[in-house]
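One structure below.
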Amino acid sequence: MGMTAETPGSDWSRPMELKYGSTSFVLDLPPERLAGVIVPSIIPPEHSPEEIISVALDLCQPTISTFKSAEKIVIVTSDITRYTGSEFYLPMLVERLNRQGVADRDIEVLIALGIHRRQTDHEHQKILGPLYGRLRVNDHDCDDHGQLVMVGTTSSGIKVSINRRAVEADRLILTGTVGFHYFAGFGGGRKSVLPGIASRQACMASHFAVLNSGNGSGKNPLAITGNLVGNPVHQAMVEGCKMARPDFILNTVLTPDKQIIGAFAGDWLLAHEAGCRFYRERFAFPLQAKADLVIASCGGFPKDINLIQAHKAMEYSSQSIKEGGVMILLAECRDGFGNSTFFNWFRFKQLDEFESALREHYEINGQTAYSMLQKAQRFRIILVSQFPAREVEEMGMIPANSLEGAMNLAICMMPSNWQAYLMPEAGSVLPVAL
């Protein structure tokens, strides 16, 4: 899988900083308590972001060379919750389009919000980098029916409507980043269209595929992190993306500290699959045994910007602990839950009752809440966040104000010979039991 487990020793017996929002907590764990540190063994990039992106774009040059002046170009890219390196690749991509005679006035950036909130001007500036003020930028609105166009129906019956700007463009380019996704297998690629620029109804329907048919039958076992084969959510997204007829994609792969280590461009399906293989080789962690405790940081802001985003770290780190074990999750969540409907789902305390309600009125946020409650009932999760204690308890978790306070709680819940894994970038690494 391209990495080896870190074990206790001189490198990890010293105090360690774990990111929390824009700050960090320091953990000083005795070496005998450390089962291992779950991190990707990433070799620092030998080339600059510009060099890596340039090589990828060279593969697309035959397609780019067919672009003509006066053609209307839409470039789809991710919102602020998914850092992609767009401030590097968007200017380089636009420069190549300019070389073909495509003027700035004919290029538009469309932010693939899915069902996320609109972006601020400052966030647009961070996404576009030096292009801010040069190009038009618009946020997708999944509820603006006047700006949605029906493009087809998937084999499973999902009616796919997407942003009118993408449909009416002469050329459509998808950009983003490849990473694990807890039930679509991987992010990036086809997700730029569905759910990125799709209607709310199409977003919900594609994600509903995570559930087996029949009430009480639970989640499809193939709709899991790191798997595309037979994954019904992935299949729905692929079919939806095909209907948008993208000209090509450009997807990056990032280290946990946001350095670009890979870029994949070309056919929207094949280039994405190549990116997924590259990512899996570097970010799947071979796990010899599970531990009593995992201490997990999402990786700081913006990976812990809200609870929906922080769920990734919760999902991945849960793979490293014994059944009934303890998780300490450091997730500041300065933007709260991430969606106004998310917290309401925790009025359901029993999983069977929750699943029935989800089938009757499916919401993507409800699916994430359901997954979170599943883990809260399998494990004891101590959440260090900005949420009031009452809200954390309502979600089935245990509140704490600091890492020190969380450790004091955790120690009382574990056997005397407990050991812990540390996951300083838990939103980026998937422990895989051997």
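The values are calculated or read from the model by the stated rules, or taken from the named source; none is laboratory data. Being a predicted model, the structure only gives us computed values, none of them experimental. Glycine gets a Cβ as well: all are built from the backbone with ideal geometry, and neighbour counts include every protein chain shown.
For the stretch 1-15, the set of residues classified as in a loop (DSSP other than H, G, I, E, B) and either out of contact with any helix residue (DSSP H, G or I) (no Cβ under 8 Å at 6 or more places or on another chain) or modelled with pLDDT of 80 or more (or both) consists of THR4, ALA5, THR7, SER10, ASP11, ARG14, PRO15, listed by residue number. Filtering the stretch 397-416 to residues that are surrounded by fewer than 18 Cβ atoms within 10 Å (Cβ to Cβ) and under 26 Å from the mean Cα position of the chain (by Cα) leaves ASN401, SER402. Looking only at residues in the stretch 210-247 that are at positive phi and in contact (Cβ under 8 Å) with a residue 40 or more places away in the chain, the one that is surrounded by the fewest Cβ atoms within 10 Å (Cβ to Cβ) is GLY216.
For the stretch 114-133, check the following and say yes or no: at least one residue is without any contact (Cβ under 8 Å) to a residue 60 or more places away in the chain, touching a Ser or Thr at 6+ places or on another chain (Cβ under 6 Å), farther than 20 Å from ALA169 by Cα and assigned to a helix (DSSP H, G or I). Yes, some residue in the stretch 114-133 is without any contact (Cβ under 8 Å) to a residue 60 or more places away in the chain, touching a Ser or Thr at 6+ places or on another chain (Cβ under 6 Å), farther than 20 Å from ALA169 by Cα and assigned to a helix (DSSP H, G or I). Screening the candidates ILE328, ILE321, ILE308, ILE295 for the property of being in the same structural domain as SER385 (by TED's automatic domain parsing), of a type in the set (A, V, I, L, M, F, W, C), at pLDDT below 95 and within 22 Å of GLN377 (Cα to Cα) yields one hit, ILE308.
Selection of the stretch 399-420 for residues being over 20 Å from GLY300 (Cα atoms) and outside any loop (DSSP other than H, G, I, E, B) yields ASN408, LEU409, ALA410, ILE411, ALA420. Exactly one residue among HIS116, HIS140 is within 20 Å of the chain's Cα centre (by Cα), at pLDDT below 95 and surrounded by 22 or more Cβ atoms within 10 Å (Cβ to Cβ), and that residue is HIS116.
In the condition set (1) assigned to a helix (DSSP H, G or I); (2) more than 20 Å from the chain's Cα centre (by Cα), GLN386 is compliant with all but (1). Restricting the search to strands (runs of 3 or more DSSP E) fully inside the stretch 255-345 and requiring at least 1 residues that are in contact with a Lys or Arg (Cβ under 9 Å, 6 or more places away or on another chain) gives 260-266, 291-297, 321-330. Taking the stretch 421-434 as the search range and keeping residues that are hydrophobic (A, V, I, L, M, F, W, C) and part of a loop (DSSP other than H, G, I, E, B), which one is modelled with the highest pLDDT? Looking at the filtered set, the residue picked out is ALA426. In the stretch 164-179, the count of residues that are in contact with a Phe, Trp or Tyr (Cβ under 9 Å, 6 or more places away or on another chain), crowded, with 19+ Cβ neighbours inside 10 Å, at pLDDT below 95 and more than 24 Å from LEU90 (Cα to Cα) is zero.
Can you name the residue in the stretch 281-320 that is surrounded by fewer than 24 Cβ atoms within 10 Å (Cβ to Cβ) and β-branched (Val, Ile, Thr) and is also nearest to the chain's Cα centre (by Cα) among such residues? For the stretch 281-320, the residue satisfying everything is ILE308. From the list VAL76, VAL55, the one residue that fits, being of a type in the set (A, V, I, L, M) and exposed (fewer than 15 other Cβ atoms within 10 Å of the Cβ), is VAL55. Scanning the stretch 349-371 turns up no residue that is under 25 Å from THR23 (Cβ atoms), assigned to a helix (DSSP H, G or I) and in contact (Cβ under 8 Å) with a residue 24 or more places away in the chain. Of the residues making up the stretch 255-289, just one is in contact with a Gly (Cβ under 9 Å, 6 or more places away or on another chain) and at positive phi, namely LYS258. Within the stretch 189-202, restricting attention to residues that are buried (at least 24 other Cβ atoms within 10 Å of the Cβ) and farther than 20 Å from CYS276 by Cα, which residue is modelled with the lowest pLDDT? Looking at residues that are buried (at least 24 other Cβ atoms within 10 Å of the Cβ) and farther than 20 Å from CYS276 by Cα, I get ALA202.
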